[in-house]
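S.K.: Following this message is one structure expressed as structure tokens.
The values are calculated or read from the model by the stated rules, or taken from the named source; none is laboratory data. Just so you know, these numbers come straight off a predicted model, no measurement behind them. A quick note on method: Cβ atoms are made from the backbone with ideal geometry, for glycine too, and the neighbour counts reach across all protein chains shown. Heads up: the accessible areas ignore ligands, DNA and RNA and are worked out on the full protein's heavy atoms, side chains in. Shrake-Rupley method; radii C 1.70, N 1.55, O 1.52, S 1.80 Å.
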Amino acid sequence: MKATLASIRTVYADLAQRPVQRDCIRRTECCQFKLTGKTPQLTRGEALLAAHGFRASGRKELPQPTDGSCPFLQPKTQKCLIYESRPFGCRTHFCQPAGGPMDRKDVLDLIRRLEQIDSELGGDGPHALTQAVSWALEQK
Ligand code: SF4
């Protein structure tokens, strides 16, 4: 498990080194799935890291927001509970104010690495955030 989490963190760190200008200022618009009509899709490794970040916050039960927002978006503070462990999609594909979606060709090698880890974990590709993290929270 530790090696998996380290591999995912390395992918995220490599993404941060890409010469594509992005400036997330945590407006959290992209965390409103119902409003945007988009939900991050997570591979298994990403889901395990997100679940790890969630557990580290001391929480156990994944919230079930009724407003269509991300379960990691804290209602009172409007901050991401797992920001350092947030999925690849939150870093690349959603937010217009942060610079808009990254071109897939600029990050395709990183996506392939996430897919490879997913395959090694017995996954069948990305799943919507809540579904993927629910699976991860069931893992020991
Ligand atoms: S994981 Fe964090 S950054 Fe990503 S959609 Fe949820 S609250 Fe927003």
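S.K.: Of the conditions (1) surrounded by fewer than 18 Cβ atoms within 10 Å (Cβ to Cβ); (2) at pLDDT 90 or above; (3) within 13 Å of ALA128 (Cα to Cα), LYS38 satisfies every one except a single condition; which number is it?
M.R.: Only one criterion in (1) surrounded by fewer than 18 Cβ atoms within 10 Å (Cβ to Cβ); (2) at pLDDT 90 or above; (3) within 13 Å of ALA128 (Cα to Cα) is unmet by LYS38, namely (2).
S.K.: Identify all residues within the range 123-134 that are hydroxyl-bearing (Ser, Thr, Tyr) and either surrounded by fewer than 18 Cβ atoms within 10 Å (Cβ to Cβ) or modelled with pLDDT under 95 (or both); write none if there are none. Show your work before the answer.
M.R.: Let us first name the residues in the range 123-134 that are hydroxyl-bearing (Ser, Thr, Tyr), namely 130, 134.
Selection gives SER134 alone.
S.K.: Still on this structure: Against the condition assigned to a helix (DSSP H, G or I), within 11 Å of the ligand (Cβ to nearest atom) and either open to solvent by 70 Å² or more (accessible area, probe 1.4 Å) or within 25 Å of GLY123 (Cβ to Cβ) (or both), how does ALA50 come out, does it pass? Please lay out each step first, then the result.
M.R.: Numbers: assigned to a helix (DSSP H, G or I): yes; within 11 Å of the ligand (Cβ to nearest atom): yes; either open to solvent by 70 Å² or more (accessible area, probe 1.4 Å) or within 25 Å of GLY123 (Cβ to Cβ) (or both): yes.
Judged against the criteria, ALA50 is a match.
S.K.: Same structure, new question: Can you run down the residue pairs with Cβ atoms below 7 Å, 6 or more apart or on separate chains, where the first is in the range 62-74 and within 11 Å of the ligand (Cβ to nearest atom) and the partner is part of a loop (DSSP other than H, G, I, E, B) and open to solvent by 50 Å² or more (accessible area, probe 1.4 Å)?
M.R.: Close Cβ pairs (under 7 Å, with a partner that is part of a loop (DSSP other than H, G, I, E, B) and open to solvent by 50 Å² or more (accessible area, probe 1.4 Å)) amount to PRO71/PRO63; PRO71/GLN64; PRO71/PRO65.
S.K.: Could you list all residues from the range 5-21 that are open to solvent by 30 Å² or more (accessible area, probe 1.4 Å) and either of a type in the set (A, V, I, L, M, F, W, C) or not in a loop (DSSP other than H, G, I, E, B) (or both)?
M.R.: ALA6, SER7, ARG9, THR10, ALA13, ASP14, ALA16, VAL20
S.K.: Any idea which of (1) surrounded by 16 or more Cβ atoms within 10 Å (Cβ to Cβ); (2) modelled with pLDDT of 90 or more; (3) more than 13 Å from the chain's Cα centre (by Cα); (4) closer than 30 Å to THR66 by Cα is the one CYS24 doesn't satisfy?
M.R.: Of everything listed in (1) surrounded by 16 or more Cβ atoms within 10 Å (Cβ to Cβ); (2) modelled with pLDDT of 90 or more; (3) more than 13 Å from the chain's Cα centre (by Cα); (4) closer than 30 Å to THR66 by Cα, CYS24 misses just condition (2).
S.K.: When you look at LYS2, is it over 23 Å from ALA128 (Cβ atoms), open to solvent by 40 Å² or more (accessible area, probe 1.4 Å) and basic (Lys, Arg), yes or no?
M.R.: yes
The rows are residues; the columns are (1) open to solvent by 50 Å² or more (accessible area, probe 1.4 Å); (2) within 24 Å of ALA16 (Cα to Cα); (3) of a type in the set (Asp, Glu); (4) within 9 Å of the ligand (Cβ to nearest atom).
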position: ARG59; (1), (2), (3), (4): yes, no, no, no
position: ARG86; (1), (2), (3), (4): no, yes, no, yes
position: PRO101; (1), (2), (3), (4): yes, yes, no, no
position: LEU108; (1), (2), (3), (4): yes, yes, no, no
position: LEU121; (1), (2), (3), (4): yes, no, no, no
position: ALA136; (1), (2), (3), (4): no, no, no, no
